[in-house]
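Report on one structure; see the data block that follows.
The values are calculated or read from the model by the stated rules, or taken from the named source; none is laboratory data. All figures in this text were calculated on a predicted structure; none of them were measured in a lab. Using ideal geometry, Cβ is built from the backbone for each residue, glycine included, and neighbour counts are taken over all protein chains shown.
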Amino acid sequence: MAVDHHVNNSVAMNKLLILAGCVAGVAASAVSGALVTDPESRYYRTLVKPSWQPPPPVYGIVWTPLYADMALSSGHAISELGQQGRMTERRRLVAALGANLVLNTTWSWLFFRVHRPWLAAAECAVLTASSVDLVRRVAAADRRAGFALSPYPAWCAFATALTVAVARLNPRSQIDARLK
């Protein structure tokens, strides 16, 4: 009986550590992106935007639960794969999550700091594909967690379409001229 209690505590501690790692990774990505995102910048204010673009406060309202969902769903799936002894899938999921978080942060840098909407649009399309793959990997561990994560690639697809629209409305020469 004492051995079972020790094993249960060990499993619970492992789950907690995995969740904490996922929360830390997702939070680092979110903070890194937020530090360079400035909707009040001269660059952003002078961009021509499509009529269907949401107002800036919507992004925080949407991204906050998406980031929480990424951390919780991914952490749960990583833990489940470990408990099931599916270590190769677990490593691949961890790598996919890490790559996705790098892509997630990179969009903000490309769009807001480097001022390259077309490059950001291409990168966002890769982020969308990565997000679909992340949902697939999470769902392989737990269908419910995969379903819970499914709004993330949908939002990334919307962000890709929006970034393409902004890029089309703002040729590079016009961006450079406005920033001089």
Per the filter on segment 40-68, residues polar (S, T, N, Q) and in contact (Cβ under 8 Å) with a residue 24 or more places away in the chain are Ser41, Thr46, Gln53
The number of residues in segment 69-99 that are touching a residue at least 12 places away in the same chain (Cβ under 8 Å) and surrounded by fewer than 21 Cβ atoms within 10 Å (Cβ to Cβ) is 13
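Consider Ser130 carefully, then state whether it is under 16 Å from the mean Cα position of the chain (by Cα) and surrounded by fewer than 23 Cβ atoms within 10 Å (Cβ to Cβ). If you could, list the steps in order and put the result at the bottom.
Working: under 16 Å from the mean Cα position of the chain (by Cα): yes; surrounded by fewer than 23 Cβ atoms within 10 Å (Cβ to Cβ): yes.
So Ser130 passes the test.
Within segment 57-68, can you find the residues that are β-branched (Val, Ile, Thr) and either outside any helix (DSSP H, G or I) or loosely packed, with under 14 Cβ neighbours inside 10 Å (or both)? Give the steps one after another, and end with the answer.
We begin by selecting, within segment 57-68, every residue β-branched (Val, Ile, Thr); these are 58, 61-62, 64.
Those that are β-branched (Val, Ile, Thr) and either outside any helix (DSSP H, G or I) or loosely packed, with under 14 Cβ neighbours inside 10 Å (or both): Val58, Ile61, Thr64.
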The one condition Lys49 fails out of (1) at pLDDT below 95; (2) within 20 Å of Trp107 (Cα to Cα) is (1)
